[in-house]
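S.K.: I'd like to ask some things about the structure below.
Every number here is computed from the coordinates shown, using simple stated rules; none is lab data. The structure displayed is predicted, hence computed values, not measured ones. Positions of Cβ are backbone-derived with ideal geometry, glycine not excepted, and every protein chain shown enters the neighbour counts.
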Amino acid sequence: MNAIVIGAGIGGMATAIRLQALGFNTTLLDKLDGPGGRAYVHQAEGFIFDMGPTVITVPPFIEELFAINPQASYLQPDFPALADLTHTRRYVELVPLDPFYRIFFADGSNFDYNNDRDHLLREIERLAPEDKAGYLRFERDAKAIFERGFMQLGFTHFGSLLDLLRVAPDLLRLDAVGNLFRFAKKYFTNPKLQQVFSFETLLVGGNPLSVPAIYTMIHFVERTWGVHFAMGGTGALVRGLEKKFLELGGQTRYGVEAARILVNDRTARGVALANGAKLAADLVVSNADYLHTYGRLLASEDRRWHGDWRLKATRLSMSLFVLYFGFKARGDEGERLAHHNILLSERYEALLKEIFTDKKLPADFAHYLHLPTLTDPSLAPPGHHTAYTLVPVPHNGSGLDWSALGPSYAQKALAYLDEAGYLPGLRERLVYTHFITPDYFESVLNSHLGNAFGPEPVLRQTAFFRPHNRSEDVRRLYLVGASYQPGGGLPSVMMSAKMTTRLIAQDFGLS
Ligand SMILES: Cc1cc2nc3c(=O)[nH]c(=O)nc-3n(C[C@H](O)[C@H](O)[C@H](O)COP(=O)(O)OP(=O)(O)OC[C@H]3O[C@@H](n4cnc5c(N)ncnc54)[C@H](O)[C@@H]3O)c2cc1C
């Protein structure tokens, strides 16, 4: 039997590996000229830039993918029991980072965040000793949410409202449905700590002011498995996954764009490519953006459930401005900065409101500054660093003209990093710059209005209310990746791949 996966993002690749191991002749296709999707690699003048994800969490999910073979498909819904990274090591080296993040506040103070409880308590003591007891209560409650929401329910496909109703009382009891920032405020009186223990959802497209507090589980996901970096960059992980898929006998086709999912008798039959070719298949998986998949790849007569009104009602996540830059090293960069740096502005709630609610470009910045050459110098020519800085911005529903704004926004970001003392003298040391705006997400990655993370993870787009992994409109059409259940971020899209493949195995009588 033949399967086609549209989109070679991490979720698409993970699904392709799983389907190929299950016995489907699987073709993985992407409009880009290589794999990775948001984790695509940009290379220029000796600098290697991961364009997207850099924070690697839950290595057992990666180990499970590299361990898969036709005899061991690891489709059980529980958590992977693989204790070490034996299989992963054959493809990519993952190294733990400490600190996970260095969080800088506008007044120059900072907080080193990691998974050592005593260290965290010392950091809290330094900034706000009055909140130490609050952390102990936060830790207890976040752990309970993690155990129920991630360890027990993580692989649940919420295909019916009943699935949700079964777990709703638990989530209410754990206070996991109110917003995350409100949850953090229950435990911390200091505004800096309220930010430290709520900002992380921004890395997966969630506004701390509106994501449900179930996302507090991220704290324990990181406490449990740490934060890792793939030596050679996330691109090395992507190449490892591609190699695994090819070793299993799968086929890749890059530089080909799907134009339409072919449907006959309400059943997916294959894919028509933009170049006019048609590929037949027994099942189709889309790893592309939700609104692109339903709004563009499916004809309107094939969408009974996903009518235009439903698609229009979707609230999309924010977009990003990402500036990639290479610069001459001074040698002291590691004294102030860590591998992952969060540079917070004076404003937090007001800034988030401007970006997410008012869809305005804020005058001040909140940056995530990535400096991977502190861990792996091979990513830049000798004596240089490779870096990127990421700024959350509204998606293209804002009407902002990025072709006009982009260059000056890049200059402003560089000036900020230089003048605020994060990278002094940066502008004189610059060797290479390149940036992407919401337009890249919209036109290159086919993400509706340039959203960076799929539908925004608000309560009404979480669990049962997030697009399902098995299409309601068309039989043998499946959906995987950040737009769909369980959501965005690398661990989630790998979970999405496992959940989706389980549904396929059930539908084809293979489980
Ligand atoms: C800048 C940035 C930084 C991030 N940092 C982190 C991080 O540190 N840690 C973390 O866990 N997560 C991070 N994320 C989130 C994470 O990268 C994503 O959630 C995840 O990579 C999405 O994977 P996916 O499987 O949904 O596929 P995507 O990566 O979205 O790939 C979808 C693919 O589909 C292809 N496609 C679309 N339409 C078509 C078509 N019609 N025909 C053919 N191909 C098509 C696209 O070209 C693309 O390659 C970050 C995201 C961004 C943008």
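S.K.: Kirkwood hydrodynamic radius, the stretch 105-234, all distinct C-alpha pairs: what's the number in Å?
M.R.: 15.8 Å
S.K.: While we're looking at this one, here's another question. Using Cα pairs closer than 8 Å and at least 6 residues apart in sequence, work out the relative contact order for the chain, in percent. Could the numbers behind the result be given before it?
M.R.: Numbers: 1030 pairs, mean separation 114.6, N = 511.
About 22 percent, as a whole number.
S.K.: A further question on this structure: For the stretch 465-509 and the stretch 48-70, write down the distance between their C-alpha centroids in whole Å.
M.R.: The stretch 465-509 and the stretch 48-70 have Cα centres spaced 18 Å from each other.
S.K.: Place a +1 charge on the Cβ of each Lys and Arg in the stretch 271-389 and a -1 charge on the Cβ of each Asp and Glu, then give the dipole magnitude about the Cα centre in debye, rounded to the nearest 20.
M.R.: Once rounded to the nearest 20, the dipole reads 420 debye.
S.K.: Still on this structure, please answer the following. Sort out for me the Cα centre separation of the stretch 379-418 from the stretch 135-209, rounded to whole Å.
M.R.: So the separation of the two Cα centres works out to 31 Å.
S.K.: Further, regarding this structure: What aspartates and glutamates sit close enough to residue 186 to cross-link, taking a C-alpha to C-alpha distance under 17 Å and skipping anything fewer than 8 places away on the same chain?
M.R.: Within the straight-line limit of under 17 Å, residue 186 reaches these aspartates and glutamates: 130, 131, 139, 141, 175, 349.
S.K.: Using a basic spin-label model with each label point 7 Å from the Cα along Cα→Cβ, how many nm lie between residue 118 and residue 315?
M.R.: For the pair residue 118/residue 315, the computed spacing is 4.3 nm.
S.K.: Related question: Can you tell me the orientation of helix 132-146 relative to the chain, as the angle in degrees between its alpha-carbon axis and the longest Cα principal axis, to the nearest 10?
M.R.: With rounding to tens, the tilt is 10 degrees.
S.K.: Could you work out the Rg to Rh ratio of the stretch 353-394, with Rh taken as the Kirkwood radius (inverse of the mean 1/r over all Cα pairs)?
M.R.: 1.23
S.K.: Could you state the number of Å between the C-alpha centres of the stretch 261-300 and the stretch 2-40?
M.R.: First find each Cα centre; the distance between them is then 15 Å.
S.K.: Just to confirm the number: angle between the C-alpha axis of helix 490-507 and the first principal axis of the chain, 0 to 90 degrees, nearest 10?
M.R.: For helix 490-507, the angle is close to 10 degrees.
S.K.: Next question. Loop by DSSP (not H, G, I, E, B), at most 13 other beta-carbon atoms within 10 Å: where is the longest site-free stretch of the chain for GluC sites (Glu not before Pro)?
M.R.: Longest stretch, sites excluded: 46-345.
S.K.: Note down the net charge around residue 125, summing +1 for each Lys or Arg and -1 for each Asp or Glu among other residues with Cβ under 12 Å from its Cβ. Present the calculation step by step, with values, prior to reporting the outcome.
M.R.: Numbers: positive: 122, 126, 132; negative: 118, 123, 130, 131.
Around residue 125, the charge tally is -1.
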